[in-house]
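Note sheet for the following structure.
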Amino acid sequence: VEFASQQVKPSDLILDAGSGRQQYRKYFSHARYESTDIEQLPNCEHDFMCSLDNIPKPDNAYDAILCTQVLEHVEFPQNVIRECYRVLKHGGMLFLSAPQGAGVHGEPHHFFNFTEYGLASLFKQAGFEIIFIRANGGVFWDFGKMIQTLPRCISKQYKDPEIAAKISIYNRLCWMMMAPLFFFLKPLYKHALPFLCFYLDSLDKRRLFTLGYTCFCIKSGVSPLF
């Protein structure tokens, strides 16, 4: 997002597509900022509401689009990428991030995780020029994140009445024994191991396991200045 902020000029009009609570608005205070999402959240007023495969704007309307961690939640991602292409001006910039290693979230509206090659295919079919698709960490970073979220992932299930009703006595006993261990080991899995994994991550050069990707594309025909 900071990189995107540096590329956007004060005169540019940027659309934060699927902006949620507009947590990135502050990065574009120097530009003309618009936000949209499929629903209105409390204390957060969007410029307009829409599904991202049908943006109610004319062709060539925006200088830039920011779309962070949204693509996994749309059922037809190719349609969204094509719509982004349509509403961007020639030479307009698309800044997008999408997960590869994320667990299911926002269910039932989590349809896909993505690989570098899948994202490249989506961009090319829409007509974008790909400047970069970069992995957000490698296998160590991915492992550190999984370790960090594992206890919360399990404990949430046991607090869900519908799931808890189906849990066997054996599983309940296992959890009763493991829960205190998770509590005492919290400094290790919450901070120490992820910290270590962050610095070990430079050992992974291919990054075939990653949290996800950040992408920068240009609407065809214009080369970047760097």
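Some points to look at:
- Close contacts from segment 118-129, counting a first residue that is closer than 14 Å to Leu71 by Cβ and a second that is basic (Lys, Arg) and open to solvent by 30 Å² or more (accessible area, probe 1.4 Å), with Cβ to Cβ under 7 Å and a gap of 6+ residues or different chains, come to Ala126/Arg82.
- Hits in segment 197-217 - residues which are of a type in the set (A, V, I, L, M, F, W, C) and either open to solvent by 90 Å² or more (accessible area, probe 1.4 Å) or farther than 16 Å from Gly144 by Cβ (or both): Phe198, Leu203, Leu208, Phe209, Cys215, Phe216, Cys217
- Residue check, Gly137 surrounded by 15 or more Cβ atoms within 10 Å (Cβ to Cβ) and within 19 Å of Leu188 (Cβ to Cβ): no
- Scanning segment 147-165 for residues that are open to solvent by 70 Å² or more (accessible area, probe 1.4 Å), within 19 Å of Phe182 (Cα to Cα) and either free of Cβ contacts under 8 Å to residues at least 12 places away in the same chain or β-branched (Val, Ile, Thr) (or both) turns up Arg152, Lys156, Gln157, Lys159.
- Top-ranked residue of segment 46-90 - restricted to ones that are within 18 Å of Val1 (Cβ to Cβ) and among the charged types (D, E, K, R), ranked as nearest to the chain's Cα centre (by Cα): Glu72
- All conditions but one from (1) polar (S, T, N, Q); (2) open to solvent by 60 Å² or more (accessible area, probe 1.4 Å); (3) not in a loop (DSSP other than H, G, I, E, B) apply to Asn113; the one that does not is (3).
- Scanning segment 29-65 for residues that are under 30 Å from Gly101 (Cα atoms) and in contact with a Leu (Cβ under 7 Å, 6 or more places away or on another chain) returns Glu34, Thr36, Ile65.
The values are calculated or read from the model by the stated rules, or taken from the named source; none is laboratory data. Fair warning: this is a prediction, and the values are worked out from it, not measured in the lab. When we count neighbours, we look across all protein chains shown, and the Cβ atoms used for this are built from the backbone with ideal geometry, even at glycine. The accessibility values were calculated without ligands, DNA or RNA, using every heavy atom of the protein model including side chains. Shrake-Rupley method; radii C 1.70, N 1.55, O 1.52, S 1.80 Å.
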